[in-house]
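Participant: Just dropping this structure here.
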Amino acid sequence: MKQILMGITTLLLLAACSEPPQADRTTATPTPTRIRPGIPTIPPPIPRPLDASKFRDRPCDLFTDEQAAALGYPLEKRPGVVPEESYCVRDSLADVTVDYSIWYRHDGTDLFALAHRRETGEWIGDASVSITVEGQPAIKRPGAEHCAVLIGLSTTESIKIYFQDKKVDFCDRAVRIAEDVVRNVRG
């Protein structure tokens, strides 16, 4: 019996004096996660789909003359309709540094999702950011001389706004125009 007790005591002493297993001495180092700049690759849901089809043949009504005048911008406009989208370009020959355009995509292409999946070149880039415009998910892409905003209306419709005016914060102004456009679509 004495030998058994000595053996157990020896084992306990050895266990207490020995080093812990290698796995117990190291702390797990988290694997670095690379966060990709720009917009997420999966588009956010569109909580309230909107239908802008009534503007297909009158795209300049998406941002009215009254709204343009309230911001001090030219009333001259050039509307157009092509098979996949309708557009309204507003600019002035008197001041070529100011121009903006609104493009309503109505051909069933989910341009908003394509932009998030980086399948359309103009929205690829680290500077693009996700924003919300009057409750609608959108993307804002600042540039050196202009700003673009892409608004997701539904899975088949979107509106993009390009704005240039070096005298103001052009991204702020592009977002303000986008807000008016969404309010006009809602009616």
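Read-outs throughout are calculated quantities, based only on the coordinates presented, and are distinct from any laboratory measurement. Values in this document were obtained by computation on a predicted structure and should not be read as measured data. Using ideal geometry, Cβ is built from the backbone for each residue, glycine included, and neighbour counts are taken over all protein chains shown.
Participant: Could you list Lys160, Lys140, Lys167 so that the one with the fewest beta carbons within 10 Å of its beta carbon is first and the one with the most is last?
Facilitator: Numbers: Lys160 25, Lys140 21, Lys167 10.
Ordered from fewest to most neighbouring Cβ atoms within 10 Å, Lys160, Lys140, Lys167 come out as Lys167, Lys140, Lys160.
Participant: OK, next. Under the classification rounded if a/c is under 1.5, otherwise prolate if a/b is larger than b/c and oblate if not, where does region 53-186 fall, given a ≥ b ≥ c as square roots of the Cα gyration tensor eigenvalues? Can you show the working numbers first?
Facilitator: Working: a/c = 1.62, a/b = 1.19, b/c = 1.36.
It comes out oblate by the Cα gyration axes.
Participant: To the nearest 20 debye, what charge dipole does region 53-186 have about its Cα centre, counting +1 at the Cβ of each Lys and Arg and -1 at the Cβ of each Asp and Glu? Could you put the intermediate results ahead of the total?
Facilitator: Working: 18 positive and 23 negative charges, 36 e Å.
That gives region 53-186 a dipole magnitude of about 180 debye.
Participant: When the Karplus curve 6.51 cos²θ - 1.76 cosθ + 1.60 is applied with θ = phi - 60°, which whole-Hz ³J(HN,Hα) does each residue of region 143-159 get, with x for Gly and Pro?
Facilitator: Taking θ as phi minus 60°, the curve returns x, 5, 10, 8, 9, 10, 10, 10, 9, x, 8, 7, 6, 10, 9, 8, 10 Hz for region 143-159.
Participant: Now, a different point. List Thr109, Thr132 from most exposed to least, where exposure is judged by having the fewest other Cβ atoms within 10 Å.
Facilitator: On the way: Thr109 16, Thr132 12.
Fewest to most other Cβ atoms nearby, the residues stand as Thr132, Thr109.
Participant: Okay, next question. Taking the simple approach of a point 7 Å from Cα along Cα-to-Cβ for both Val82 and Arg58, what is their distance in nm?
Facilitator: So the label points at Val82 and Arg58 sit 2.4 nm apart.
Participant: Here is a further query. Starting with the fewest neighbours, write out Glu134, Glu157, Glu84, Glu66 ranked by other beta-carbon atoms found within 10 Å of each beta-carbon. Before the final figure, lay out each step's value.
Facilitator: On the way: Glu134 17, Glu157 27, Glu84 13, Glu66 9.
Ranked by crowding around the Cβ, least crowded first: Glu66, Glu84, Glu134, Glu157.
Participant: What whole number of Å gives the distance from the Cα centroid of region 98-148 to the Cα centroid of region 153-177?
Facilitator: Distance between centres, Cα-based: 8 Å.
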